[in-house]
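Values in this text are rule-based calculations from the coordinates and carry no lab data. Bear in mind that the values here come from a model prediction, so they are computed numbers and not experimental data. When we count neighbours, we look across all protein chains shown, and the Cβ atoms used for this are built from the backbone with ideal geometry, even at glycine.
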Ligand code: CA
């Protein structure tokens, strides 16, 4: 009796077909992931060169907040979302967090961002303390004028190792304008439309208050699927 032999050619064709179908499926799933309602793929990620950072500098994932000290939603984000992100991912060495200034609220945004940049220049380690302290000063009635030179220098003065005299001189000399303009460049480059805007590597989170979406984007990046 003749035994039917499997043709090596047919076998190779079959394997190729299976691999092709799998590859197409992967591409389709990948597209669904990166173009879901929760996130938008940007194709590139914002540079955090010369930006204040929190966490391990070489963490595998970078989360950038585009924010404004005058923006009430940014204050709320810092209170309600950031602490979870910090304990889940920043303190565990998985995420480097960075903040880029957005100047959507006129002169007060400009003043706040300049002083924040000067604090960072003087003492990078003091930056986040100042960042938090300044948001704490934002009043309920956020439309009122509250970012004044006196107030902001007072806030900076309470932060460790900040020379407020130097701060005032540097402010008068426009010593932070370049850094503020660098941030404005990123806002334009990434077409930031609202504050806060949260980016996880090269992905923008549609709703910054959707912590699950932020988590999913980070986990995708950690697993190499981002
Ligand atoms: Ca900056």
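Assorted remarks:
- Checking 113, 87, 144, 98 one by one, the residue that is out of contact with any helix residue (DSSP H, G or I) (no Cβ under 9 Å at 6 or more places or on another chain) and crowded, with 18+ Cβ neighbours inside 10 Å is 98 and no other.
- Output for the stretch 80-98, where each listed residue is touching a residue at least 24 places away in the same chain (Cβ under 8 Å) and more than 13 Å from residue 208 (Cβ to Cβ): 86, 88, 89, 90, 91, 93, 94, 95, 96, 97, 98
- Selection from the stretch 57-71 of residues that are surrounded by 16 or more Cβ atoms within 10 Å (Cβ to Cβ) and either out of contact with any helix residue (DSSP H, G or I) (no Cβ under 7 Å at 6 or more places or on another chain) or within 20 Å of residue 120 (Cβ to Cβ) (or both): 59, 62, 63, 64, 65, 66, 67, 68, 69, 70, 71
- Helices (runs of 4 or more DSSP H) (entirely within the stretch 148-226) containing at least 2 residues that are more than 26 Å from residue 108 (Cβ to Cβ), more than 16 Å from the ligand (Cβ to nearest atom) and touching a strand residue (DSSP E or B) at 6+ places or on another chain (Cβ under 8 Å): 211-222
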